[in-house]
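The values are calculated or read from the model by the stated rules, or taken from the named source; none is laboratory data. Keep in mind that what you see is a predicted model, and the values were worked out from it rather than measured. As a convention, Cβ positions derive from the backbone with ideal geometry for all residues, glycine included, and neighbour counts pool all protein chains shown. With ligands, DNA and RNA removed, areas are computed over all heavy atoms of the protein, side chains included. Shrake-Rupley method; radii C 1.70, N 1.55, O 1.52, S 1.80 Å.
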Amino acid sequence: MHSKLPDVGTTIFAVMSKMAVENNAINLSQGFPDFPLDSKLVNLVSKAMQEGHNQYAPMPGLPALRQVIAQVVQNTYQKSVDADTEVTVTAGGTQALFSILQALVHTGDEVIVFDPAYDSYNPAIRLSGGVPIHINLKAPSFSIDWQEVEAKINARTKIIMVNTPHNPSGAVFTEKDIQELERIALKHNLIVLSDEVYERIIFDNKKHYSVLERPALANNSIAVFSFGKTFHATGWKIGYVVAPAALTKEIRKAHQFIVFSVNTPIQVALAEYMKTPEHYNSLGKFYQQKRDQFLSFIKGSSLQPLSCYGSYFQLLSYEGISKKGDMAMAEELTIQHKIASIPVSVFYQDKSDNKLLRFCFAKQDETMEKAGEILRKI
Ligand code: PMP
Ligand code: GLN
């Protein structure tokens, strides 16, 4: 078989979660909460099903949900968006990114990606006929050198993908980052594809700099969000895209033939649930406590934490204790020590191995306490 993605195996999230189950290990690898979501939201979904909201939703998403999203965007980013022409409900952030790239990338177009990157970016760009141009961000700060970015831009560059708060590093954009992004995008007429799925999971009084807040940048930008992250329901695979009408029109051309529309009862439920800002406003505070709990539980471990300002991932360095590759280290921790993590080298196209492992702290305190007990002995 002449593979379209010869170098691609099974995603690391499937690999490590399976390894965790097979070895009865605590699974801090794939990012998902192990605590229940708000029963109010579950009840709203159940009610929607019982009331008969079980057939196809409109292709771009339920109007009531798109209206609430537009309102939330207005309240959060002071950006007025048209619910009919600028908001599209998707089957999670992953499908959103895929549909956007399918819709906009022509064969040979270059797309700038910062590594370490969420693992769907590179294959999604290539399946759309594009050429990913990877720029490595270095530990411990994972900050972007915008001069380096500008040096990579040429006539074929079409899109620049950014992700803040950043998976896996927990780095977040500064005001200078968003200013530089705007300057470069406007100067070179690039589309910015901004993955903001962790928009509300940000700590230490840092501010989330969304592309939606800056009018000139927003004109050239597509922002991607995920309800899975915000409402502790990653298995629901539902999110949305905010983009100017002309881009939205193109994105929907792909979206309609990838999923057509997203499941109806959850859209009905979210349209109601999202009307209450308390349902999402304190997410940063909630996860900051989780991060701090995790850090306190691992105190004394020889694995060293890096700074984490957002997302629900904590990087730990094992540089001081082993020269092993990070995949081998993650395997050893899962099989022998019964704790699963993600090796960060998989997020680098060139497999840069900085002896870092990613641990998810979207977990109950008792899960993290057990994880801490193990990690303190390492
Ligand atoms: N982007 C990033 C950076 C992510 O971490 C994730 C989820 N791991 C996604 C996109 C995809 O989100 P979803 O689960 O809604 O597809
Ligand atoms: N976003 C999650 C993570 O980074 C997992 C997504 C997935 O399993 N595809 O762990």
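Quick rundown of the values:
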item: Trypsin sites (Lys or Arg not before Pro) lying in DSSP loop within region 1-55, provided at most 11 other Cβ fall within 10 Å; result: K4
item: Paramagnetic reach from K377 in region 269-302 [backbone N under 20 Å; point 7 Å along Cα→Cβ]; result: 294-302
item: Long-range amide H partners of D115 with built H, under 5 Å; result: I135, N136, L137
item: Pairs beyond 19 Å (Cα-Cα), from K158/K229; K79/K237; K323/K370; K229/K299; K290/K363; K206/K370; result: K158/K229; K79/K237; K323/K370; K229/K299; K206/K370
item: Net charge of neighbours whose Cβ lies under 11 Å from the Cβ of G325, counting Lys and Arg as +1 and Asp and Glu as -1; result: 0
item: Compactness relative to 2.2 N^0.38 Å, alpha carbon Rg of region 58-210; result: 1.06
item: The chain: most fluctuating residue of H166, H208, H188 per GNM, C-alpha cutoff 10 Å; result: H188
item: Relative contact order computed over the chain (Cα-Cα under 8 Å; 6+ residues apart), in percent; result: 25
item: Convex hull (Cα only) mean projected area of region 171-300, reported in nm² to one decimal; result: 10.4
item: Distance histogram for region 265-378 (every C-alpha pair counted, 10 angstrom bins, percent rounded to whole numbers); result: 13, 39, 26, 14, 7, 0
item: Relative pair counts by distance (%), Cα atoms of region 86-173, 10 Å bins; result: 17, 46, 33, 4
item: Orientation-averaged projected area, Cα convex hull of region 1-79 (nm²); result: 10.8
item: Region 154-233 - Kirkwood radius from inverse mean 1/r over Cα pairs (Å); result: 13.1
item: Residue-normalised accessible area of the chain, expressed per residue, 1.4 Å probe, Å²; result: 43
item: Reduced Cα scattering model of region 63-120, Debye log10 I(q)/I(0), q = 0.22, 0.23 Å⁻¹; result: -0.97, -0.99
item: Pairs of Cα atoms farther than 22 Å apart, region 1-142, %; result: 63
item: 29 Å Cα-Cα threshold exceeded, pairs from K253/K351; K40/K285; K18/K47; K249/K351; result: K253/K351; K18/K47; K249/K351
item: Carbon plus sulfur fraction of accessible area for the chain, probe 1.4 Å, in percent; result: 52
item: Net charge contributed by nearby residues that have their C-beta within less than 15 Å of K158 (K/R +1, D/E -1); result: +1
item: Rg/Rh ratio calculated on Cα atoms of the chain (Kirkwood radius); result: 0.95
item: Value at 222 nm in deg cm²/dmol, rounded to 500, when DSSP H runs of n ≥ 4 in the chain each add -39,500 (n - 2.57); result: -11500 deg cm²/dmol
item: Cβ-defined net charge surrounding T367, 13 Å radius [Lys, Arg +1; Asp, Glu -1]; result: -1
item: Extended-chain gain in nm, criterion 0.36 nm per residue less alpha-carbon gap, K176 and S307; result: 45.2 nm
